[in-house]
Protein chains: 2
Amino acid sequence: MSAAVTISIDAMGGDAAPDMVVEGVRMAHERLPHVRYLMFGDASRIEPLLARFPEIRGVCTIHHTEESVSMEAKPSQVLRQGRKSSMWLAVEAVQKGEAAGIVSAGNTGALMAVSKFVLRMLPGIDRPAIAGMFPTVKGETLMLDLGANVDCNSNNLVEFAVMGEVYARAVLGLEKPSIGLLNVGSEDMKGNDAVKAAAAALRDSHLPISFYGFVEGNDICGGTVDVVVTDGFTGNIALKTAEGTVKLYSTFLKEGFQSSLLAKFGYLFARHAINKVKVRTDPRRYNGAMFLGLNGIAVKSHGGTDAFGFANAVGVAVELVTHGYNDRIRKEFDRLKPAEVSPSQLAAGTR
Amino acid sequence: MSAAVTISIDAMGGDAAPDMVVEGVRMAHERLPHVRYLMFGDASRIEPLLARFPEIRGVCTIHHTEESVSMEAKPSQVLRQGRKSSMWLAVEAVQKGEAAGIVSAGNTGALMAVSKFVLRMLPGIDRPAIAGMFPTVKGETLMLDLGANVDCNSNNLVEFAVMGEVYARAVLGLEKPSIGLLNVGSEDMKGNDAVKAAAAALRDSHLPISFYGFVEGNDICGGTVDVVVTDGFTGNIALKTAEGTVKLYSTFLKEGFQSSLLAKFGYLFARHAINKVKVRTDPRRYNGAMFLGLNGIAVKSHGGTDAFGFANAVGVAVELVTHGYNDRIRKEFDRLKPAEVSPSQLAAGTR
């Protein structure tokens, strides 16, 4: 039996909160019966929902909050005025050790700002990164940063590489994960200064990392490497471009099957195969973006997801907790800097 | 009847050159009988190919060259040593007025470097951009830059917006094309300094441009705007991510149809609909990346394409010539700077 894990939940975050959130917790409970939940939000709205799902009443503790963070709120505004919000208090539960991780489907920028402020960074890491899984022709790939940092220097990219590598080993269980740096070509001369310097650092460093070299946009879904490292501007646009392309393809497919009577007939027989593809590319399956590098586990669910997607985000947080991701990262970084040198400095050879 | 147009061809560029190139010209000839070709390359290899296609013998003139540019050559090396190559001489034919445009499936970096050096920029434009068409749920979208400039400032982005806008009006025939700036979110505060400054300039400027604002990765295939403007690093990665995602989806679909006997049976009926999707997302249909901003028409075909793809790239060059794209750009820029101010300065309000 798994040891009990407590996850704090921002019950008011997300387009369809709190209904979607509570139902998501119910779905997560089916798969993860050992997990307990601290639910932060409006008790008058959460109570009736829990009454509908008596099976999770025993694993949920409600912490009433009057306030919540809107999807439009600016991060700076939330930092100043949001200390009584469901999001803030849910994050604070992790900082206080009452919960092992927090999941929110709320405002991404606000969640990142509050998490950084309340949880602080892991020692030796300058910037947090948002990481997520992509489906590939070979299985799955981790990509980071998906949007936490629009400007990244080479040191940031090297840190992301280390954080991604540890995730692939600790959580995905890969023995020697390969790391690729996203670029516009595979040759050394290609790219901007940040990726060129980061590649040089990763190649020359004594970091125990299997650095593949540069990868291109098509390598993400191609599964060329286990971990794709990029800045948050490019990563966010690549993620959303892939999502948009899946939507385009499935729209074209639908139109194709509606274009003639024969095609409509064909759909009846093809439905099963097409549903398989839909399941494999379903963004809800990949819901749950991890904020890596923070001194505490924080996972962001897509704001527009449903209960199934939210349950997956809870699963992502539980995995990070269960595999002791942050302890692993701490140990790696301790090992890498015997003389108080940050791993990125070490990698850049400026020790 | 259309007026005669002459296009110069780098017959030695591309993975399967010159065979693929000559056959591509034959396919282009079927659709564009008024076009004549100057074919630069190894005559001993081109002659036998033309002998196989007597129908294009009369519209092709071979210019023998001993040298060609390899796919691995560095642009700087080609600039120093490539003056007798098929690529260089094909570009030079445009500069000399012997051809109205050049098409090559060769080394992208070298073609850009040679084109910039030989053709020079259009007056008032600082940097060329690579532009290409994307399929969308609503039709097609033009995106630029797809890789010419890995680092772009806000002035470059504003220039790309103008070049894209003129293309959409002059070649696509849109009356008031909408222009979007690719970013990680739609709010004003989102993004790096370059996109924020470019958005401010496009919003405040007196440029006769219909500026939509920021768009995100999913808006590319979503067809939210007619023209998507971005830097060459992000644009190249978005393009290749979309290509990789289409490949992923079609691989999953294939696997779905092979997963059971019923599914295999279903494929027989669904084949027609699926082929329609393949045709609509076929990268060969969108082959032909335009180098905009140069004082001469230059189009880059994908190096790994086939004759059908190359013929489309020829078609793209002919369209640019026929619609007098460069004259239109020249006029727009003249109109925009009555007092020797570049349009980007004008847009930035620094006049």
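Here are a few things to note about the model shown:
- Flag if A:GLU23 is modelled with pLDDT of 95 or more, surrounded by 18 or more Cβ atoms within 10 Å (Cβ to Cβ), part of a helix (DSSP H, G or I) and in the same structural domain as A:ILE102 (by TED's automatic domain parsing): yes
- Failed condition for A:THR234, given (1) at pLDDT 95 or above; (2) crowded, with 24+ Cβ neighbours inside 10 Å; (3) more than 12 Å from every other protein chain (Cβ to nearest Cβ); (4) within 25 Å of B:LYS247 (Cα to Cα): (3)
- In the stretch B:248-280, the residue that is surrounded by the most Cβ atoms within 10 Å (Cβ to Cβ) out of those that are of a type in the set (D, E, K, R) and facing chain A (nearest Cβ under 7 Å) is B:LYS276.
- Failed item in (1) closer than 21 Å to B:ASN236 by Cα; (2) in contact with a helix residue (DSSP H, G or I) (Cβ under 9 Å, 6 or more places away or on another chain); (3) surrounded by fewer than 24 Cβ atoms within 10 Å (Cβ to Cβ), with B:PRO123 passing the rest: (1)
- Any chance A:LEU49 is among the aliphatic types (A, V, I, L, M) and either free of Cβ contacts under 8 Å to residues at least 60 places away in the same chain or more than 19 Å from A:VAL318 (Cβ to Cβ) (or both): yes
- Single match in A:GLY235, A:GLY213 (criterion: in a strand (DSSP E or B) and either under 27 Å from A:LEU174 (Cβ atoms) or of a type in the set (D, E, K, R) (or both)): A:GLY213
- Of all residues in the stretch A:210-222, those being within 9 Å of chain B (Cβ to nearest Cβ) and in contact (Cβ under 8 Å) with a residue 40 or more places away in the chain number 3.
- Condition check for B:MET112 on (1) within 30 Å of B:GLY14 (Cβ to Cβ); (2) in contact (Cβ under 8 Å) with a residue 60 or more places away in the chain; (3) more than 14 Å from every other protein chain (Cβ to nearest Cβ); (4) under 18 Å from the mean Cα position of the chain (by Cα): one failure, at (3).
- Residue count for the stretch B:195-208, restricted to those that are within 11 Å of B:LEU181 (Cβ to Cβ) and surrounded by 20 or more Cβ atoms within 10 Å (Cβ to Cβ): 5
- Test: B:PHE53 is in contact with a helix residue (DSSP H, G or I) (Cβ under 8 Å, 6 or more places away or on another chain) and buried (at least 20 other Cβ atoms within 10 Å of the Cβ): no
- Pair list, Cβ under 6 Å, 6 or more apart: the stretch A:142-162 residue more than 13 Å from every other protein chain (Cβ to nearest Cβ), other residue basic (Lys, Arg) and part of a loop (DSSP other than H, G, I, E, B): A:ASN156/A:ARG127
- Residues of the stretch B:281-310 that are among the small types (Gly, Ala, Ser) and either more than 14 Å from every other protein chain (Cβ to nearest Cβ) or touching an Asp or Glu at 6+ places or on another chain (Cβ under 9 Å) (or both): B:GLY288, B:GLY293, B:GLY296, B:ALA298, B:SER301, B:GLY303, B:GLY304, B:ALA307, B:GLY309.
- A:VAL229 crowded, with 22+ Cβ neighbours inside 10 Å, touching a strand residue (DSSP E or B) at 6+ places or on another chain (Cβ under 6 Å) and away from chain B (no Cβ under 12 Å): yes
- Out of B:ASP145, B:ASP219, sole residue that is charged (D, E, K, R), at pLDDT 95 or above and surrounded by 24 or more Cβ atoms within 10 Å (Cβ to Cβ): B:ASP145
- Inter-residue pairs, beta-carbon under 8 Å, first within 11 Å of chain B (Cβ to nearest Cβ) and free of Cβ contacts under 8 Å to residues at least 12 places away in the same chain and in the stretch A:170-190, second surrounded by 13 or more Cβ atoms within 10 Å (Cβ to Cβ) and in a loop (DSSP other than H, G, I, E, B), 6+ apart: A:MET189/B:LYS74
- The stretch A:297-311, residues that are under 26 Å from A:LEU122 (Cα atoms) and part of a loop (DSSP other than H, G, I, E, B): A:SER301, A:HIS302
- Residues located in the stretch A:29-78, provided they are among the aliphatic types (A, V, I, L, M) and outside any strand (DSSP E or B): A:LEU32, A:ALA43, A:ILE46, A:LEU49, A:LEU50, A:ALA51, A:ILE56, A:VAL59, A:VAL69, A:MET71, A:ALA73, A:VAL78
The values are calculated or read from the model by the stated rules, or taken from the named source; none is laboratory data. This structure is a prediction, so every number in the text was calculated from the model and none was measured. Cβ coordinates were reconstructed from backbone atoms using ideal geometry, including for glycine residues, and neighbour counts include every protein chain displayed.
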